[in-house]
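Read the structure below first, then the notes.
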Amino acid sequence: MLESENISEYFARVLAKYNQMKRYKKKMEETYVVEKILRSLQKKFHYVVIAIKESYNLDFLIIQGLMGKLQAHEEKVNEIQEYMGA
C-alpha cells in the first residue's frame, strides 16, 4: 500500500489484480488475498490488523468484508483528525 493511497484506492488496485488473475484461470483462495492485504497495509493500520486477526477467523473473512472494516476504521480516524484539527 502506498503512503498516498486510501483504503478504497488500494482495494481497487488489489481487486483489479485479483480479477485479472481469475480471468487467466490462476486459482487463488480469497483467504490468501486477505492475508496478503493485511501484511501489506501501512503502519498506521497495524493495530487494526492485530485486532482483526484476533477477532475474526481469516478462513471465513472475505475481501469485501475486510475492506468494509478497514474503511470504517479509516473514516473514524479521519473524523478524529478533522475534529482535532478544527
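The values are calculated or read from the model by the stated rules, or taken from the named source; none is laboratory data. Since the model is a prediction, treat every value here as computed from it, not as a measurement. With ideal geometry, Cβ positions are generated from the backbone for all residues, glycine too; neighbour counts draw on all protein chains shown. For the accessible areas, the whole protein counts, side chains as well, though only heavy atoms, and no ligand, DNA or RNA atoms are used. Shrake-Rupley method; radii C 1.70, N 1.55, O 1.52, S 1.80 Å.
Would you check which residues across the stretch 69-86 are modelled with pLDDT of 90 or more, open to solvent by less than 70 Å² (accessible area, probe 1.4 Å) and more than 14 Å from GLU35 (Cα to Cα) and list them?
Listed by number, the residues that qualify are LYS69, GLN71, ALA72, HIS73, GLU74.
Taking the stretch 56-68, which residues are within 15 Å of VAL14 (Cβ to Cβ) and either open to solvent by 40 Å² or more (accessible area, probe 1.4 Å) or at pLDDT below 90 (or both)?
Once the filter is applied, which keeps residues that are within 15 Å of VAL14 (Cβ to Cβ) and either open to solvent by 40 Å² or more (accessible area, probe 1.4 Å) or at pLDDT below 90 (or both), the stretch 56-68 yields ILE62, GLN64, MET67.
If I filter the stretch 1-41 down to residues being over 18 Å from GLU75 (Cα atoms) and among the acidic types (Asp, Glu), which single residue comes out as most open to solvent (accessible area, probe 1.4 Å)?
Ranking the qualifying residues of the stretch 1-41, first place goes to GLU29.
Which helices (runs of 4 or more DSSP H) does the chain wholly contain that include 1 or more residues that are in contact with a His (Cβ under 6 Å, 6 or more places away or on another chain)?
In the chain, 46-55 are the helices (runs of 4 or more DSSP H) which contain 1 or more residues that are in contact with a His (Cβ under 6 Å, 6 or more places away or on another chain).
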